[in-house]
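Engineer: Structure provided below as structure tokens; questions to follow.
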Amino acid sequence: MKILDGKRVGTVTFEEDGLLIGEVLGDVIVNGGYLELKGRVLGNVLVRGGSCRLTGIVKGNAVNEKGDLEVFGAVHGKVITKLGYTYVNPGAAVGGIESAHIKKEGATSTPV
């Protein structure tokens, strides 16, 4: 398990299980494993695979691109789901919730 405490500058990427209890001045990317985010992120959180339980604070957006995201803390931006499972606890403080559907290549839409 990767444990991050203290202050980090730049993008932090998780490929395995991890615990973030410090502060990241940048984005956090979860590509695999399980991340318990209890600290502060002054950028965005991107879940591209694996899962993330967010009990800390995110100043930007929390984006679920293709994983599992659970929000129990605060997201100043939006919680955006592109693919995967997203849960926002009723007690969580979020700036908005959005479901961004991805259009498949070559797909056409017909006006009604």
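The values are calculated or read from the model by the stated rules, or taken from the named source; none is laboratory data. Keep in mind it's a predicted model, so treat the numbers as computed, not measured. Neighbour counts run over all protein chains shown; Cβ positions are idealised from the backbone, glycine included.
A quick yes/no check of all residues on (1) at negative phi; (2) small (Gly, Ala, Ser); (3) touching a Lys or Arg at 6+ places or on another chain (Cβ under 8 Å):
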site	(1), (2), (3)
Gly60	yes, yes, no
Glu65	yes, no, yes
Lys78	yes, no, no
Ala92	yes, yes, no
Gly95	yes, yes, yes
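Engineer: Given the criterion surrounded by 13 or more Cβ atoms within 10 Å (Cβ to Cβ) and either touching a strand residue (DSSP E or B) at 6+ places or on another chain (Cβ under 6 Å) or modelled with pLDDT under 95 (or both), identify the matching residue among Lys103, Lys59, Lys2, Lys38. Walk me through it before giving the result.
Structural biologist: Values: Lys103 fails: surrounded by 13 or more Cβ atoms within 10 Å (Cβ to Cβ); Lys59 fails: either touching a strand residue (DSSP E or B) at 6+ places or on another chain (Cβ under 6 Å) or modelled with pLDDT under 95 (or both); Lys38 fails: either touching a strand residue (DSSP E or B) at 6+ places or on another chain (Cβ under 6 Å) or modelled with pLDDT under 95 (or both).
On inspection, the qualifying residue turns out to be Lys2.
Engineer: Where in region 2-97 are the strands (runs of 3 or more DSSP E), entirely inside, with at least 2 residues that are β-branched (Val, Ile, Thr)?
Structural biologist: Values: elements: 2-4, 7-9, 12-14, 18-20, 23-25, 28-30, 34-37, 45-47, 51-54, 62-64, 67-71, 79-81, 84-88.
Where strands (runs of 3 or more DSSP E) fall fully within region 2-97 and carry at least 2 residues being β-branched (Val, Ile, Thr), they are 12-14, 28-30, 45-47, 79-81, 84-88.
Engineer: Could you count how many residues in region 8-28 are out of contact with any Lys or Arg (no Cβ under 6 Å at 6 or more places or on another chain), under 20 Å from Gly49 (Cα atoms) and buried (at least 17 other Cβ atoms within 10 Å of the Cβ)?
Structural biologist: Within region 8-28, residues that are out of contact with any Lys or Arg (no Cβ under 6 Å at 6 or more places or on another chain), under 20 Å from Gly49 (Cα atoms) and buried (at least 17 other Cβ atoms within 10 Å of the Cβ) number 6.
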